[in-house]
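J.: Right, I'll just put the structure down here and ask away after.
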Amino acid sequence: MSEAVEPIVELSSVNFRWPGQRSFALNIRQLTLGREEKVLLVGPSGSGKSTLLSLLCGIVVPESGQIRILGKDLNKLTRSQRDRFRADHFGIIFQMFNLLPYGSVLDNVLLPLSFSSARRDRTQGQAPLQDAALSLLDRLGLGGEDLAGAPASNLSVGQQQRVAVARALIGSPEILVADEPTSALDRENQVQFLDLVFSQIEESRATLIMVSHDESLGSRFDRTIRLPDVIERTS
């Protein structure tokens, strides 16, 4: 990555408390992430990792301060506008994958395009939607129309993980968020998963933000952010 990195995420003087939980607060002085940067976010349970992801994705807004994503001030958007912005620009890999169990593999991969015309248009610019999804699955080691038509509930855990990656990447979102996707994997499978994700995001020039408890994964990333570095927890 070049030294001059274009900022894609900028947080400044952000303060947030969950309603009804006045004993916990996040105070973020400054946090900037660059385009194409691969960032590992670590911290113990209860330190606010999930809260920070919710702020970055616009699921919640801070009490004060500014969050700019791709130059857009999230605080100035309505809830529905934030939902659309997230659908257009974020790919999300959930810890438990959150696939539609009775939907086919192809249905699951194409699902984000139902919520984002921008991602649908970007996909159609490459190939017909189904062909683009099949090509992505093939690059992830899930080639074959028989498998693409199989229910997600019939897949192995490793296959479900790859479908979750394909779903997050379809439509080339600029930011990929992965919420502890390796927590249930042994070391060998962790390495394979990161190899898989890194190879795909390098093609799309996406920024990766991955949450983990495992700081040893940090050597694979451009930067490791420990929550105490940027966040104060106050009572």
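J.: Given H placed on each backbone N at 1.01 Å, which residues far from Ile93 in sequence or on other chains put an amide H within less than 5 Å of it?
T.: For Ile93, the qualifying residues are Val177, Ala178, Asp179.
J.: Continuing with this model, one more query. Grab the Cα-Cα distance for Ser156 and Asp195, subtract it from 0.36 nm times how many residues apart they are, and report the gain in nm with one decimal.
T.: 12.2 nm
J.: Quick one: 3J(HN,Hα) in Hz for segment 108-113, Karplus 6.51/-1.76/1.60 with θ = phi - 60°, rounded, Gly and Pro as x.
T.: With the stated coefficients, segment 108-113 comes to 5, 5, 7, 3, x, 6 Hz.
J.: Which ³J(HN,Hα) values in Hz, rounded to whole numbers, follow from the phi angles of segment 149-156 under the Karplus curve 6.51 cos²θ - 1.76 cosθ + 1.60, where θ = phi - 60° and Gly and Pro get x?
T.: Karplus values, whole Hz, x for Gly and Pro: x, 6, x, 4, 5, 8, 7, 6.
J.: Here's something else I'd like to know. With r as the distance between the Cβ atoms of Asp146 and Lys72 and R0 = 45 Å, compute the FRET efficiency 1/(1 + (r/R0)^6) and round to 0.05.
T.: The pair Lys72/Asp146 has a calculated efficiency of 0.60.
J.: Quick one: what are the phi-derived ³J(HN,Hα) couplings along segment 64-69, Karplus 6.51/-1.76/1.60 with θ = phi - 60°, whole Hz, x for glycine and proline?
T.: 8, x, 10, 10, 10, 10
J.: May I ask you to give the average projected area over all directions of the convex hull of the Cα atoms of segment 7-234, in nm² rounded to one decimal?
T.: Average projection, Cα convex hull of segment 7-234: 12.3 nm².
J.: What share of the DSSP beta bridges in the chain is antiparallel, in percent to the nearest 5?
T.: Roughly 55 percent of the beta bridges in the chain run antiparallel, per DSSP.
Read-outs throughout are calculated quantities, based only on the coordinates presented, and are distinct from any laboratory measurement. For clarity, every value in this text was computed on a predicted model and none was experimentally measured. Note that we place each Cβ from the backbone using ideal geometry, even for glycine, and neighbour counts take in every protein chain shown.
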